[in-house]
Amino acid sequence: MKKIYLFFCMLGIAVPYYHLFNYLTENNWYWSTSEFFELTYANSAVSMILGDLTVSVFAFFAFLIYKLKNRPLRLLRYIACLCLVGFCLALPLYLYDNHDAS
């Protein structure tokens, strides 16, 4: 099972950056934060997925803050992954690290 979690960690890095790379190449390597966030609400389907992920990220973040009391340094890596890459890396990495913890 840990190999599957590791595979999802790699996907969690590759997929978001693949789409970011595509976004940048479509815009001639010009980054516009306002345009980027305007496109996140381009239609209802994208807004639904964004809302779902936003709630999931905040729930996971609250869980990590709750767990921060026990192992502060170890949990900071998940918070860093959450902020630098996203939920698609932070959750599989957490599952990978805690698979046999019970």
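Restricting attention to the stretch 1-48, the residues being charged (D, E, K, R) and surrounded by 10 or more Cβ atoms within 10 Å (Cβ to Cβ) number 3. So which of T25, T33, T40 is free of Cβ contacts under 8 Å to residues at least 60 places away in the same chain and in contact with a helix residue (DSSP H, G or I) (Cβ under 8 Å, 6 or more places away or on another chain)? So the residue among T25, T33, T40 that is free of Cβ contacts under 8 Å to residues at least 60 places away in the same chain and in contact with a helix residue (DSSP H, G or I) (Cβ under 8 Å, 6 or more places away or on another chain) is T40. Taking S47, is it more than 11 Å from the chain's Cα centre (by Cα) and of a type in the set (G, A, S)? The answer is yes for S47. The single condition among (1) farther than 30 Å from N98 by Cβ; (2) part of a helix (DSSP H, G or I); (3) at pLDDT below 90; (4) not small (G, A, S) that N28 does not meet is (2). Sort out which residues of the stretch 60-73 are in contact (Cβ under 8 Å) with a residue 12 or more places away in the chain and either surrounded by fewer than 16 Cβ atoms within 10 Å (Cβ to Cβ) or not aromatic (F, W, Y) (or both), and write them in order of number. L64 - this is the single residue of the stretch 60-73 that is in contact (Cβ under 8 Å) with a residue 12 or more places away in the chain and either surrounded by fewer than 16 Cβ atoms within 10 Å (Cβ to Cβ) or not aromatic (F, W, Y) (or both). Taking each residue of the stretch 1-14 that is in contact (Cβ under 8 Å) with a residue 12 or more places away in the chain and looking for partners that are small (G, A, S) and part of a helix (DSSP H, G or I) with beta-carbon atoms closer than 8 Å, six or more apart or interchain, yields G12/A90. Select from the stretch 55-102 the residues that are in contact with a helix residue (DSSP H, G or I) (Cβ under 9 Å, 6 or more places away or on another chain) and not in a helix (DSSP H, G or I) and write down the one among them that is farthest from F8 (Cα to Cα). Ranking the candidates gives L68 first.
The values are calculated or read from the model by the stated rules, or taken from the named source; none is laboratory data. Computed from a predicted model, the values in this text were never measured in an experiment. All Cβ positions, even for glycine, are placed from backbone atoms using ideal geometry, and neighbour counts span all protein chains on display.
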